[in-house]
Structures are given as structure tokens and as C-alpha cells.
Amino acid sequence: MADSKFLRRIFSSRVLPSWTILVLDLLIVALSVLIAYLLRFDVSYPFQHSTELLLSIGVIAVVDVVFFRVFRTYANVLRLSSFVDLLNIFLSMVLSLIVTIVVNYICLFAAGRPVMPISVLVISYMIAFVLMVTFRMAIKTIYDEFSTSKSASRMNVFIYGTQAGGINIAKSIRVGGFDRFHLCGFVSDNSAMIGKTMMGVKVYPNDDQLMEVIEHEKIKGIIVSPMKFHQEGLDINAFADRFLAAGVQMFTAPDIISGLDTGTPAPIKQVQIEDLLMRDPIEIDMASIGGLLQGRKILITGAAGSIGSEIMRQVASFNPYQLILVDQAETPLHDIRLELKRNWRDMDAPTIVADISNRERMEQIFSQYKPDYVFHAAAYKHVPMMEDNVSEAIQNNVLGTKVIADLSVKYGVSKFVMISTDKAVNPSNVMGCSKRICEIYVQSLARKLQQEGGAVTQFITTRFGNVLGSNGSVIPLFRKQIEDGGPVTVTHPDIIRYFMTIPEACRLVLEAGSMGHGGEIYIFDMGEPVKIVDLARKMIALSGRRDVKIEFTGLRHGEKLYEELLNTKENTQATRHDKIMIAQVREYAFDEVSKAVDNLIETSYSFDAMKTVALMKALVPEYKSLNSAYSELDK
């Protein structure tokens, strides 16, 4: 056990600092000079002329140190020594030999005698080069042998990809120690690489026989080069399904390049479901957004939430004059304040704890800060919670939106961008209907201002589906259930949802905000829907667990099997961005909407859920309750 720990220390990535390698190289130089004297003269000569020997070692060592430093021959990891490292040693030794010969002749002319015989000098450099190369190759060989002998305690893995990304992952495994992975081979789609040997292991084809190879070699994991996740034409989901079905875990190294640049082993991480749901990066018009936000005062409601906080981060990058961050959740808003101090120390960004439905408080904020733009992300969003708390859904979502919208008009806000949801389309629950009412109020207010002329505020609505990893969403829930050993709870075997990452959703919000003129409801291309039970199965497979079961619990109150981004009666209008469309929806007269919304808000304070929901259904006729006590109102 003690020997094993000693060997682990000897061959760990941090055991030999640069100065240690330099000292060892200088000892090799000294030994080489001694051997050169023994070979050139007899055994007794160096001892009889010890002064000459020590002077020779000293002169050569001083010159060598200069060129070792120039070529940094001592700065590499010994067990990863490559041809480039050996070439650097050769060049440093050749140049050092030339300089030492010059020094030797200077001494000959100045003092009448050389420091050492030229023959000794040449022989010593030849020996030193051979010994330094041999030393590095020996370390590399011993490491490889020791690594192989310890492979039984580690996971056998293949690396998918033989280009720069795959090679860097392999190097990172070598640098990172013995405790986790044992590299058994590469997998490649490049026919020119098949059958070749790289870093001592074979390159296998990505063909129908690969699974047989994996079983024969007892491969338990495959590490995918991060470049492969974005490779054109690669169906990463089909790729993942193939390996997960065989019980092979998947890993990647997202920071592989930066990790090697800093000399620190890059973290090799287990592939997450977000990696498999990731789509191609969405391109946005940075110039238009920058022109809109730079030097402006931006107010964000719900700034501590998943969407609001990401909007804050992206807006901060455009150098606004001021960010006014409003949320009623104290602790998350405090976390945002700490993040601002870390990453945007010079940003003027007051964090304000406030309830958006409190008109007096919000008017004080608008009066004090006079924002140019408002991103309204504050809302109660959890369907089952709002189904049981109807009045709160109205007072926060509807009243809060009305307060912020009305104040935006009063204080001359240029743009008001509201975050809505796909659940507002043909709503089947209180939350979705409350957001549809918000859309109706904002759009009708925008049309009223346009009809009156001279309008300052442009009202824009953005509508999209679920975002990956948002607070309270299904993926963090499933992850926690898997960690706890299950069961993973899915409401229905056929339920599907659209997913988008938080950053890409917020980028599209900013893009839509920059192109809107007022009254538009923008919808985003959410890609293909995902079956939630398949999502759960894939997450369980990715975790490597085989003991976690899936349990179906039944649809929750107000929950649909599928969400719609568009009402079936709606059409869409294209925009300059292929991922953003304008929904052609039924529009309402503002005076009619304003009275209905005021009545709805007033009724909500009676806390009579049935009466309140009845008014919601009157305002939004397409609202049909599903699996809910309010279904009787639809009869």
C-alpha cells in the first residue's frame, strides 16, 4: 500500500515542478562531463585534475541554463514528452555547444589555455543529449506501464474523435491521474485513421461492429470530443441512444482546451441531458441589440428568476447606463447582487425588493429611475400552484403586468418587452389563462396608443415554451429524484414538451425586442417536442444507474398532454430572423379589455376561485380547464 501511494505521488501531474526537472538536467550535464573525461583520458585523470573538471562543469552548466530557459526544456510534463520537446532539447544543446566552444577559445586567447579540451566538450554534449532524452523516455515508459497495471481499478473508455479535441482529451487523461479512466482506444469516422495506433492505443471504426468491440474490450464509458457535439450532420441523440442502450456511460470535456493551456487537467464531465437537447447556436443581430441597450436605463422585473437573471447578464454585456433589478424574492435577489459585484463591479445596478402589484411602490421606482426600457419577466409560473391559488395568479400576473404597463406609458418608457408562455395558447389552466390576459391587455394598450398617435411606448410580447434548468422545472426535479434512487415521477406516458436553453431564449427575447414596433406577439421556433418519459429514461441512463424506476402519477390539475405555441386559428408572419415569427392573434378593444381586467382584479380580492375563473373564461373563451375543478364552468 505504501509503495502504491509512493508511485502515485511520483507519477502524479504535480509532483515534479519545473525547478526539479532543471536540477535533474544539470546533474545529467555534470555526469556527462565526468563520463567524457573518463572516455577521453584514463580513470585517474579527472581526479588528478579536479579543478579543471569542476571548472568545465561550471562553464557548461551556466551556458546550458541560459538555453534551457530560452527553450523551456524543463517546463513540460515528463510523461507527456513529445517530438517537439526532444527537438527543443536538441536545439538548446547545439546552441549551448557553439557558445561554450566560443567561450573556450576566448579563454585560450586570453589566458593561454582552454577551459577544457574540445574533444571532451563535444563528447559531453553528445552524452548529455542522449541521457536527457533517455531520462524522459524512461519516465514516459514507466508511467505507461504503471498506468496499465492499475487499469483494473479504473473505467475502461474509448474516445470518440481523433482530431484535436480527441487528442487533447487523451492528454488530459494522462495528466489527470490514475483514479478514473483507462484509455483503451479511439473511435473515428475517418477511414484514413481506422486501424492506426494513437498514443499507444488502436483507432476503431464507428460501424456496426463497434458494439461488439466495446463488449469484448469491456468498455464502460465513451468520452466525446466537445467538437463532435456541434459537428454538422452528427445526430448526437441517436449516437447517445446507441451507447446508453449498451450500458456505456458518456462523458465530455467542455473546457479541454483552456484546461491544457493553463497546465491544469481539464475536467472530464458526465454528459448531461442539456448537452443532448442543445441545438445549433442561435445567431442574433448584436449591432441592433447593442444600439438599443447601450447607454440606456433598463428595468427588469423578476430579475432574480431564471429568465430575468439571464436577461440581466446578457443586457449587462451591452454596457447599459443603469440596470434596475426588481424582484420580491429577497434571497435570490441578494445572490444576483453578489454576482454583480463579482462580474460587473462598476455596473450601476440597484437591486430592489418590491412587489410589482404594489402600484405606489412601483410608481416610486419609475419616478426615481425613469427607465428607458422594461423587460417584464416577473410572474407566477407553476401550473398546479396557480390552479390552487387563483387570486394570487390574477393579482401578481395580471395586476402586476397592468401596473408595470401603465407606468411604462406614464413615464415614457421606449420599449416594454413582456415574457409570456406557450401555456397562454388555448389555455387549460389558471396560470396559462392569466398570461393570455396579460398578452391581451398589453397588445390592446399598444393598439390604443398607436391609434391615438404620438405613442412613445412600444409594447412587445415574447412567447416560448419550457427552458432547460429553470427554477422548479422538470430536469432539476428528475436529477434530484435519480440522485435519491427514484422513482422518477412522470405524469403521463404520452406527455410532450418543447424545450429551449435559458441563454438562447433570452437572446431571442432581446432580438425580438430590438425588431418590434409595438403590439406584436413574437413566438420562437422551439424545435421538435420532447416526450417527457423518454427524457426521464435518457437521464437515468446518463446517470449510470440501473435501479431507478419511472412512476406515472397522472396529469396534474390544468395540465395538457402537449403545449401549443400557436392557437390553431392563428397564422404567423415571418420576420428577419428565421427563429422568430409574429403570431396573428385575435385583437381586443382596449376600453373593453380594461374594464374586464379591472373587474377581474377586483373580483380576485373576494378570493372566490369559481367566480374569478368564470370571469377569466369570459375574457378568454378558448380557456377550457383540464383535469380541474373548474371544468364544470365549461359545461
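Laid out as a table, the results:
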| read-out | value |
| --- | --- |
| Centre separation in Å (Cα based) which lies between region 575-619 and region 459-499 | 26 |
| Estimated 222 nm signal from helices in the chain, with DSSP H stretches of n ≥ 4 weighted -39500 (n - 2.57), rounded to 500 | -15500 deg cm²/dmol |
| Net charge of neighbours whose Cβ lies under 12 Å from the Cβ of SER628, counting Lys and Arg as +1 and Asp and Glu as -1 | -1 |
| 10 Å beta-carbon shell around ASN156, net charge (K/R +1, D/E -1) | +2 |
| Among 592-602, 406-416, 437-447, the order from most to least packed when residues are scored by Cβ within 10 Å on average | 437-447, 406-416, 592-602 |
| Separation in nanometres of the label points that stand 7 Å from Cα toward Cβ, at ALA138 and LYS410 | 8.4 |
| Debye, to nearest 20: dipole size of the chain, +1 on Lys, Arg Cβ, -1 on Asp, Glu Cβ | 1580 |
| Cα long-axis angle, helix 83-111 against the chain (0 to 90 degrees, to the nearest 10) | 40 |
| LYS196/ASP547 FRET efficiency (R0 41 Å; Cβ-Cβ; nearest 0.05) | 0.55 |
| Charge dipole of the chain about the Cα centre (unit charges at C-beta), most positive-ward option of GLN294, MET193, PHE239 | MET193 |
| FRET efficiency estimate (nearest 0.05) - Cβ-Cβ, GLU483 to VAL65, R0 41 angstrom | 0.15 |
| Separation in nanometres of the label points that stand 7 Å from Cα toward Cβ, at ALA164 and LYS595 | 6.8 |
| Relative contact order [Cα under 8 Å, 6+ residues apart], the chain, whole percent | 10 |
| Label-zone membership for region 128-143, site LEU39, 7 angstrom Cα→C-beta point, backbone N under 11 Å | 128-131 |
| Within region 287-428: Cβ-based charge dipole about Cα centre, in debye rounded to nearest 20 (Lys, Arg +1; Asp, Glu -1) | 500 |
| Dipole axis of the chain (+1 Lys, Arg; -1 Asp, Glu on Cβ), positive-most option in PHE68, ALA379, ILE437 | PHE68 |
| Amide H contacts of MET198 (H built 1.01 Å from N, under 5 Å, at least 5 apart or other chain) | VAL203 |
| Region 15-116, relative contact order in percent, only Cα pairs under 8 angstrom and at least six apart counted | 27 |
| Efficiency of FRET from Cβ geometry, GLN451 and ASP346, R₀ 41 Å, rounded to 0.05 | 0.40 |
| Residue-span extension gain [LEU561 to ALA110] - 0.36 nm each, minus C-alpha spacing | 152.8 nm |
| Total formal charge among the other residues, if their Cβ is under 12 angstrom from that of HIS382, Lys/Arg +1 and Asp/Glu -1 | -1 |
| From the coordinates shown, Rg/Rh (Cα atoms, Kirkwood Rh) corresponds to which of [x] 0.95; [y] 1.12; [z] 1.15 | [z] |
| Label point distance in nm, ASP285-ASP335, each placed 7 Å from Cα along Cα→Cβ | 3.5 |
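Quick note: the coordinates plus some simple rules give every number you see, no bench work behind them. For clarity, every value in this text was computed on a predicted model and none was experimentally measured. As a convention, Cβ positions derive from the backbone with ideal geometry for all residues, glycine included, and neighbour counts pool all protein chains shown.
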